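A.B. asks: What follows is a single structure, and I will ask about it in a moment.
The values are calculated or read from the model by the stated rules, or taken from the named source; none is laboratory data. Please read all numbers here as calculations on a predicted model, not as lab measurements. Cβ coordinates were reconstructed from backbone atoms using ideal geometry, including for glycine residues, and neighbour counts include every protein chain displayed.
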Amino acid sequence: MSKFTLLFTLIITLFISAYSQAFDSVSSRQALEQSLAKHKGKVVYLDFWASWCVPCKRSFPWMNDIQSKYKDKGFTVISVNLDADKQLAAKFLLANPASFEVIYDPKGKIAKHFKIQGMPSSMLIGRDGKIKSRHTGFFTKKIPQYNQEIEALLVNK
């Protein structure tokens, strides 16, 4: 491991540690509620993921793309990480950067509330705040279907 890589890893670890301490003052559920309130009236793609999830590695580039493609049309991606150890999530995010919000749910309270069955799981929430569709797993062959669902909700104001 090069000195640069070691230094970079140390800086990221310290940042995540500091962020985690600050974040702990707000519960995971409160963080999600605040985020959803901030995006009220938008179409929201709510994604649940974990560092060990292989399909999650394939879903992140797509979520970055849709975040960029549709954000000006009233769309946002919010992701919820379920790793008990935030360092695992941080390592995942170094390899698979997110251009969208990440909320940590180390105790799985949000996942339990939404009855999440597998990783990744996602929900598409309409502008009215109601869940319009749910998906368990991420399949690249279904990307056209995912995009159609998003586009249909974006046109319905």
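A.B. asks: Between ARG127, ARG134, which is buried (at least 17 other Cβ atoms within 10 Å of the Cβ) and over 14 Å from the mean Cα position of the chain (by Cα)? Walk me through how you get there before you give the answer.
C.D. replies: Numbers: ARG134 fails: buried (at least 17 other Cβ atoms within 10 Å of the Cβ).
Among ARG127, ARG134, only ARG127 is buried (at least 17 other Cβ atoms within 10 Å of the Cβ) and over 14 Å from the mean Cα position of the chain (by Cα).
A.B. asks: Can you go through LEU153, LEU93, LEU88 and tell me which one is free of Cβ contacts under 8 Å to residues at least 40 places away in the same chain, crowded, with 16+ Cβ neighbours inside 10 Å and in a helix (DSSP H, G or I)?
C.D. replies: Details: LEU153 fails: free of Cβ contacts under 8 Å to residues at least 40 places away in the same chain; LEU88 fails: crowded, with 16+ Cβ neighbours inside 10 Å.
Matching residue, one of LEU153, LEU93, LEU88: LEU93.
A.B. asks: Taking the criterion of being in a loop (DSSP other than H, G, I, E, B) and of a type in the set (Phe, Trp, Tyr), would at least one residue in region 131-140 satisfy it?
C.D. replies: yes
A.B. asks: For region 113-124, give me the residue count where each residue is surrounded by 14 or more Cβ atoms within 10 Å (Cβ to Cβ), assigned to a loop (DSSP other than H, G, I, E, B) and not aliphatic (A, V, I, L, M). Talk me through it step by step, then tell me what you get.
C.D. replies: Filtering region 113-124 for residues surrounded by 14 or more Cβ atoms within 10 Å (Cβ to Cβ) gives 114, 116, 119-124.
Next cut, assigned to a loop (DSSP other than H, G, I, E, B) only: 114, 116, 119-120.
Filter once more, keeping what is not aliphatic (A, V, I, L, M): 114, 120.
Number satisfying all stated conditions: 2.
A.B. asks: I need every pair where a residue in region 62-77 that is under 19 Å from PHE138 (Cα atoms) and among the hydroxyl-bearing types (Ser, Thr, Tyr) has its Cβ under 8 Å from the Cβ of a residue that is part of a strand (DSSP E or B) and at pLDDT 95 or above, sequence separation at least 6 or different chains.
C.D. replies: Close Cβ pairs satisfying both conditions: THR76/VAL43; THR76/VAL44; THR76/TYR45.
A.B. asks: Given the conditions (1) modelled with pLDDT of 85 or more; (2) surrounded by fewer than 16 Cβ atoms within 10 Å (Cβ to Cβ); (3) more than 23 Å from MET119 (Cα to Cα), which single one is not true for LYS42?
C.D. replies: Result: LYS42 fails condition (2) only.
A.B. asks: Would you mind stating whether PHE139 is touching a Pro at 6+ places or on another chain (Cβ under 9 Å) and loosely packed, with under 15 Cβ neighbours inside 10 Å?
C.D. replies: yes
A.B. asks: Return the only residue of ILE110, ILE66 being assigned to a helix (DSSP H, G or I), modelled with pLDDT of 95 or more and under 14 Å from the mean Cα position of the chain (by Cα). Lay out the reasoning, then the answer.
C.D. replies: Working: ILE110 fails: modelled with pLDDT of 95 or more.
Only one candidate passes the filter, namely ILE66.
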